[in-house]
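Each remark here refers to the structure printed beneath this line.
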Amino acid sequence: MAAKKKGKVINLAMVGCGGMAGAHLNGYEELLSKGETRFRIVACVDEALERAQHFADRLRANAGWDVATFATLEQLLNSGVRVDGIDICSPHGLHHVLACEALDGGVNVLCEKPIGVTVRASKKIAQTAKRRGLVAATAEQCRRAIGQRTIHWAFNDGLLGEPKMWWAIRAGWQDPQNVPNWHWRIDRKLGGCGMVMDSGAHWVDTMRYWFGEIDSVYARVEHMYKRPHKKGNKVVDSAQEDFWTSIFNFKSGLVGTWSWTISAPGKGFTQLTMSGTKGSIIDSDIFHPAAFQAAGECQLLDGTTFNMPKLQTLYLDTLSSRRREQLFPYGITGGVTLELWDFIDALSKGRPVEIDVEEGLRSKAVSEAVYESGKSGQVVKVADVLKGKVDAYQRDVDKAWKLL
């Protein structure tokens, strides 16, 4: 077991105890199992109080902590319970509402991706954090995982040479005649989007981490099929796209193509190819979405090949023991646990987080540039989306949240 880290103990609250919060809870338990003692979960918050109570009971059983439960963040902030940071796992549309409420209450925040439901919502978090002098971190798991760190090294330390182009394509079929129950993700106000900004947010952050900033985007975004959902006695259509294809022009000159659909009947496929001047990484496994699992094979110009475990070994061998412990503390290589550790370590030591709200905002602007280009049919500059000069796709959501 690695030596215990120095620093003050951080009191945390989990706000939102639904789906993704379960992965966060697993991550906190992994940290405890590794000997990380610089944090304590003191409260769980969810409007469905039984969900908060379930988390509290589990923490009490596994960690021996007494954990308070609340139905609202306001109740927590007025309770007298000391909290240094909150971990927000709510619907996207509530991210800016909860984050700003916590920051105005004097509490640092870690917020699940996307950092805000729109660029304006994300900026509101950033502005509040800056005004209050507090930490607002984006909970982005993928770039921290060992596979993503390895590919970053392979391109940025010269093994694969200068990156030139990439393709990330996935096609599959979800029958629109299968009518699922309503979920907040299909609601524009709560979800804001479809996969470009949902799981796609991971790929946007990953491509920026690997290859740098994006200058412009040209995209086509479509609803190929109506996709109804049951909501009580009503049937409502999803606002989410079921197809997009997009071209990314990076500031470095790199060109990337990203396509995705659930509207292609028959056998699906995934293809991820990233090519540099000295070699490429190729992954065509349908079970390995690009952002989540860096898999596949690396082949150099001279024909030398490495599978990803071998490439990871080559990468790890370049790291000093100190650097390895900074990136993979306690030997942890899973992104969710690492994002939680980064927040805890940053608050404990008073250092910056790796992925702050501003970094999350830059990724957010790229996702929205895809939507804005799809709506306008024009090439869209990411800088114009970031500045709010191009916002037609987001405007109805901003109006709903009174952000305009």
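The values are calculated or read from the model by the stated rules, or taken from the named source; none is laboratory data. Keep in mind it's a predicted model, so treat the numbers as computed, not measured. So basically every Cβ, Gly included, is an ideal-geometry build from the backbone, and we count neighbours across all protein chains shown. To get the accessible areas, we keep the full protein, side chains included, count just its heavy atoms, and leave off ligands, DNA and RNA. Shrake-Rupley method; radii C 1.70, N 1.55, O 1.52, S 1.80 Å.
Here is a check on your reading of the model: is GLY19 within 13 Å of GLU112 (Cβ to Cβ) and either open to solvent by 40 Å² or more (accessible area, probe 1.4 Å) or of a type outside the set (Asp, Glu) (or both)?
Values: within 13 Å of GLU112 (Cβ to Cβ): yes; either open to solvent by 40 Å² or more (accessible area, probe 1.4 Å) or of a type outside the set (Asp, Glu) (or both): yes.
So GLY19 passes the test.
Just for region 183-196: of the residues that are crowded, with 21+ Cβ neighbours inside 10 Å and touching a Ser or Thr at 6+ places or on another chain (Cβ under 7 Å), which one is farthest from ARG143 (Cα to Cα)?
GLY192
Which count do you get for residues in region 347-361 that are within 16 Å of GLN141 (Cβ to Cβ), surrounded by fewer than 24 Cβ atoms within 10 Å (Cβ to Cβ) and not β-branched (Val, Ile, Thr)?
Summing the residues that are within 16 Å of GLN141 (Cβ to Cβ), surrounded by fewer than 24 Cβ atoms within 10 Å (Cβ to Cβ) and not β-branched (Val, Ile, Thr) in region 347-361 gives 3.
Taking region 76-110 as the region of interest, how many residues are among the hydroxyl-bearing types (Ser, Thr, Tyr) and within 19 Å of the chain's Cα centre (by Cα)? Before you say what the answer is, go through the steps one by one.
Here is the first cut: in region 76-110, the ones among the hydroxyl-bearing types (Ser, Thr, Tyr) are 79, 90.
Within this subset, residues satisfying the condition of being within 19 Å of the chain's Cα centre (by Cα) are 90.
Qualifying residue count, region 76-110: 1.
Could you tell me which residue of region 227-242 is modelled with the highest pLDDT, considering only residues that are of a type outside the set (A, V, I, L, M), touching a Lys or Arg at 6+ places or on another chain (Cβ under 8 Å) and crowded, with 17+ Cβ neighbours inside 10 Å?
Going through region 227-242, the residues of a type outside the set (A, V, I, L, M) turn out to be 227-234, 237-238, 240-242.
When the remaining residues are screened for being touching a Lys or Arg at 6+ places or on another chain (Cβ under 8 Å), the result is 237-238, 240, 242.
From the residues that got through so far, the ones that are crowded, with 17+ Cβ neighbours inside 10 Å too are 238, 240, 242.
Values: SER238: 90, GLN240: 91, ASP242: 95.
Only one residue fits best here, namely ASP242.
From the list SER321, SER373, SER348, pick out the single residue that is within 19 Å of GLY192 (Cβ to Cβ) and among the polar types (S, T, N, Q).
Values: SER321 fails: within 19 Å of GLY192 (Cβ to Cβ); SER348 fails: within 19 Å of GLY192 (Cβ to Cβ).
The match here is SER373.
If you scan region 304-317, which residues turn out to be surrounded by 11 or more Cβ atoms within 10 Å (Cβ to Cβ) and among the β-branched types (Val, Ile, Thr)?
THR305, THR313, listed by residue number.
Applying the selection to region 204-213, what residues are open to solvent by less than 10 Å² (accessible area, probe 1.4 Å) and not acidic (Asp, Glu)?
Initial filter on region 204-213 (open to solvent by less than 10 Å² (accessible area, probe 1.4 Å)): 204-207, 210.
Hits for region 204-213 are VAL204, THR206, MET207, TRP210.
For residues that are under 25 Å from the mean Cα position of the chain (by Cα) and of a type outside the set (Val, Ile, Thr), scanning just region 214-226, find the one that is surrounded by the most Cβ atoms within 10 Å (Cβ to Cβ).
Narrowing region 214-226 to residues under 25 Å from the mean Cα position of the chain (by Cα): 214-223.
Those left that are additionally of a type outside the set (Val, Ile, Thr): 215-216, 218-220, 222-223.
On the way: ASP215: 16, SER216: 19, TYR218: 17, ALA219: 24, ARG220: 15, GLU222: 13, HIS223: 15.
In this case the residue turns out to be ALA219.
Mind counting the residues in region 360-402 that are within 23 Å of the chain's Cα centre (by Cα), outside any helix (DSSP H, G or I) and under 18 Å from ALA126 (Cβ atoms)?
4
Per-residue answers, yes or no, for (1) open to solvent by 30 Å² or more (accessible area, probe 1.4 Å); (2) under 14 Å from the mean Cα position of the chain (by Cα):
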{"position": "GLU112", "(1), (2)": "no, yes"}
{"position": "GLY116", "(1), (2)": "no, yes"}
{"position": "SER122", "(1), (2)": "no, yes"}
{"position": "ILE125", "(1), (2)": "no, no"}
{"position": "ALA137", "(1), (2)": "no, yes"}
{"position": "LEU160", "(1), (2)": "no, no"}
{"position": "GLY172", "(1), (2)": "no, no"}
{"position": "ASN181", "(1), (2)": "yes, no"}
{"position": "ASP198", "(1), (2)": "no, yes"}
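Test each condition in (1) basic (Lys, Arg); (2) in contact with a Ser or Thr (Cβ under 9 Å, 6 or more places away or on another chain); (3) open to solvent by 50 Å² or more (accessible area, probe 1.4 Å) for LYS251 and report the one that comes out false.
(2)
Of the numbered conditions (1) surrounded by fewer than 17 Cβ atoms within 10 Å (Cβ to Cβ); (2) hydrophobic (A, V, I, L, M, F, W, C); (3) closer than 24 Å to PRO91 by Cα, TRP167 satisfies every one except a single condition; which is it?
Of the numbered conditions (1) surrounded by fewer than 17 Cβ atoms within 10 Å (Cβ to Cβ); (2) hydrophobic (A, V, I, L, M, F, W, C); (3) closer than 24 Å to PRO91 by Cα, the odd one out for TRP167 is (3).
Examine region 191-210 for a residue that is assigned to a loop (DSSP other than H, G, I, E, B), touching a strand residue (DSSP E or B) at 6+ places or on another chain (Cβ under 9 Å), closer than 23 Å to LYS399 by Cβ and of a type outside the set (A, V, I, L, M, F, W, C), and state whether such a residue exists. Working first, answer last.
Quick first cut of region 191-210, residues assigned to a loop (DSSP other than H, G, I, E, B) only: 191-199.
Pick out the ones that are also touching a strand residue (DSSP E or B) at 6+ places or on another chain (Cβ under 9 Å) and you get 194-196.
Within this subset, residues satisfying the condition of being closer than 23 Å to LYS399 by Cβ are 194, 196.
Imposing the further condition that a residue be of a type outside the set (A, V, I, L, M, F, W, C) reduces the set to 194.
Yes, that holds for at least one residue.
Here's the yes/no breakdown for (1) among the basic types (Lys, Arg); (2) touching a residue at least 24 places away in the same chain (Cβ under 8 Å); (3) in contact with a Cys (Cβ under 9 Å, 6 or more places away or on another chain):
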{"site": "ASN11", "(1), (2), (3)": "no, yes, no"}
{"site": "MET20", "(1), (2), (3)": "no, yes, yes"}
{"site": "GLY27", "(1), (2), (3)": "no, yes, no"}
{"site": "SER33", "(1), (2), (3)": "no, no, no"}
{"site": "THR37", "(1), (2), (3)": "no, yes, no"}
{"site": "GLU47", "(1), (2), (3)": "no, yes, no"}
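Filter region 32-49 for residues that are crowded, with 16+ Cβ neighbours inside 10 Å and assigned to a loop (DSSP other than H, G, I, E, B); which is nearest to the chain's Cα centre (by Cα)?
Here the residue is ASP46.
Only one residue in VAL366, VAL336, VAL370, VAL382 is closer than 30 Å to LYS34 by Cβ, in contact with a helix residue (DSSP H, G or I) (Cβ under 9 Å, 6 or more places away or on another chain), surrounded by 14 or more Cβ atoms within 10 Å (Cβ to Cβ) and touching a residue at least 24 places away in the same chain (Cβ under 8 Å), so which one is that? Before the answer, list the steps.
On the way: VAL366 fails: closer than 30 Å to LYS34 by Cβ; VAL370 fails: closer than 30 Å to LYS34 by Cβ; VAL382 fails: closer than 30 Å to LYS34 by Cβ.
Just a single option satisfies the conditions, and that option is VAL336.
Yes or no, residue by residue, for (1) assigned to a helix (DSSP H, G or I); (2) within 22 Å of GLY194 (Cα to Cα):
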position	(1), (2)
ILE86	no, no
LEU103	yes, no
VAL109	no, no
LYS123	yes, yes
GLN127	yes, no
LEU134	no, no
ALA137	no, no
